[in-house]
Amino acid sequence: MISIAKPLIGDEEKRAVLEVLDSGMLAQGPRVKAFEEAFAALCGVQHAIATSSGTTALHVALLAYGIGPGDEVITSPFTFVASANSVLFTGARPVFVDIDPTTFNLDPALIEAAITPRTKAILPVHLFGLMADMDAIQAIADKYGLAVIEDACQSHGAALHGKRAGAWGTGTFSLYPTKNMTSAEGGMITTNDARIAENCQVIRQHGMRRRYYHDELGFNFRMTDVHAAIGLAQLHKLEQFNAARIANARYLNANLRGVGVPITPEGYTHVFHQYTIRVPDGRRDALAEHLEANGIGTGVYYPVAIHQQTYYTRQLGYNQRLPEAERATQEALSLPVHPALTQAALETIVASVNGFMERA
Ligand SMILES: *Cc1c(COP(=O)(O)O)cnc(C)c1O
């Protein structure tokens, strides 16, 4: 079976975890600090704050900007549900803007029409490893005085004009096992804003600026040193992992026929968290079944757009048409692209896809 994702854990990660266990310092400590410093350097930012997951990184970052009830945050409907749920956790309302069909990311041309006096932030998602159009999004945010919180949970090491994901606004990353790098579970916030960084640290730890003095409400969203040790070992391998993903994607792009392959617009470094094709003519699910029968794992990310999820329609009253996001839920299919793929596996994927599509 050629799996859709495969975490690559080596001796470095195992040794690093054992060292932490032997040290007796298990909770948030020196490894977390070292991981934060290395992650900030990776992104080219001044501050990084580790959290327990990508979801808590998003939640904390939003709270750090003071976002709450009565506020609106503009985001993508075509993403993992955590992008929008984190806005709900603060009491604010996610406002969905349709995507650009060529990139699967927020269409900046549609953002201004969604801005109201309640809008406080834009939360672009860098989906599948490709950054959103941050030049255009940053220009709109500057014009209206809005915060920018990047959901970079799928884009560790991605860049636009050489500037990394997480370095444009305040960035949020997931370190879940299937992501481009992992700490088992974990998250990271990146920012150049010292005030936001301090707010994040306080919210992560029970609203505590001084030990056992609580002037505001916070959470326990800390990362452990055990997880940080894994993350730090993985961070040193990220460039190599991403290079392998990019090479695999290049091979697939050059050889697949009859499907829409992912594009990398000029100026972008796409790190291919997912290699996502479009399958025309309603044949997506049939192709996925065919590949599965041939021992090739696939993923449908995502089968339902967030504005059409039952919780959003029934409980929150969302009732909106976003045609490109909805079309993407019908056509998008992710193929294996992870760094552990062999040349033989890539050739099997190409032969299976092309064989199916040719029998049109
Ligand atoms: C994985 C992911 C998250 C959530 O991260 P967790 O670590 O699973 O909490 C949020 N947004 C996107 C786009 C993701 O892919």
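The table below gives the values:
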{"quantity": "Total charge dipole magnitude, region 235-360, about the Cα centre, Cβ charges on Lys, Arg, Asp, Glu only, Debye to nearest 20", "calculated": "140 debye"}
{"quantity": "Rel. contact order, % - alpha carbon contacts under 8 angstrom, at least six apart, region 11-235", "calculated": "28 percent"}
{"quantity": "Charge dipole of region 11-235 about the Cα centre (unit charges at C-beta), most positive-ward option of A48, V17, M208", "calculated": "M208"}
{"quantity": "Alpha-carbon Rg/Rh ratio, for region 120-161, with Rh computed the Kirkwood way", "calculated": "0.98"}
{"quantity": "Surrounding net charge for D285, when Lys and Arg each add one and Asp and Glu each subtract one, Cβ distance under 13 Å", "calculated": "-2"}
{"quantity": "Listed peptides 135-148, 52-65 by packing density, highest first (mean Cβ within 10 Å)", "calculated": "52-65, 135-148"}
{"quantity": "Only Lys, Arg (+1) and Asp, Glu (-1) charged, at Cβ; the chain dipole about Cα centre in debye", "calculated": "400 debye"}
{"quantity": "Neighbourhood net charge (10 Å Cβ-Cβ; Lys/Arg +1, Asp/Glu -1) for D107", "calculated": "-4"}
{"quantity": "Packing-based order for 239-247, 68-76, 3-11, using average beta carbon neighbours within 10 Å, highest first", "calculated": "68-76, 239-247, 3-11"}
{"quantity": "Set of aspartates and glutamates with alpha-carbon distance to K33 below 15 Å, sequence-local pairs under 8 removed", "calculated": "E198, D225"}
{"quantity": "Percent of alpha-carbon pairs separated by more than 18 Å within region 193-244", "calculated": "52 percent"}
{"quantity": "Computed log₁₀ I(q)/I(0) - Debye formula, equal Cα scatterers, no solvent, the chain, q 0.06, 0.11, 0.12, 0.15 Å⁻¹", "calculated": "-0.22, -0.74, -0.88, -1.31"}
{"quantity": "Neighbour-count order for R93, R15, fewest beta carbons within 10 angstrom listed first", "calculated": "R15, R93"}
{"quantity": "Sum of side-chain charges, H161 neighbourhood, beta-carbon under 11 Å (Lys, Arg +1; Asp, Glu -1)", "calculated": "0"}
{"quantity": "Residue-averaged [θ]222 nm for the chain, counting only DSSP H segments that reach four residues, each worth -39500 (n - 2.57)", "calculated": "-11500 deg cm²/dmol"}
{"quantity": "Reachable lysines, given that their alpha-carbon falls under 30 Å from the alpha-carbon of K143 and they are not under 8 places away in the same chain", "calculated": "K120, K163"}
{"quantity": "For region 59-154, average projected area of the Cα convex hull in nm²", "calculated": "5.3 nm²"}
{"quantity": "Hits among lysines - C-alpha to C-alpha of K6 under 16 Å, sequence gap 8 or more where chains match", "calculated": "K179, K237"}
{"quantity": "For region 238-359, average projected area of the Cα convex hull in nm²", "calculated": "9.3 nm²"}
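Every number here is computed from the coordinates shown, using simple stated rules; none is lab data. This is a predicted model, so every value here is computed, not measured. In this analysis, Cβ positions are derived from the backbone assuming ideal geometry, glycine residues included, and neighbour counts consider all displayed protein chains.
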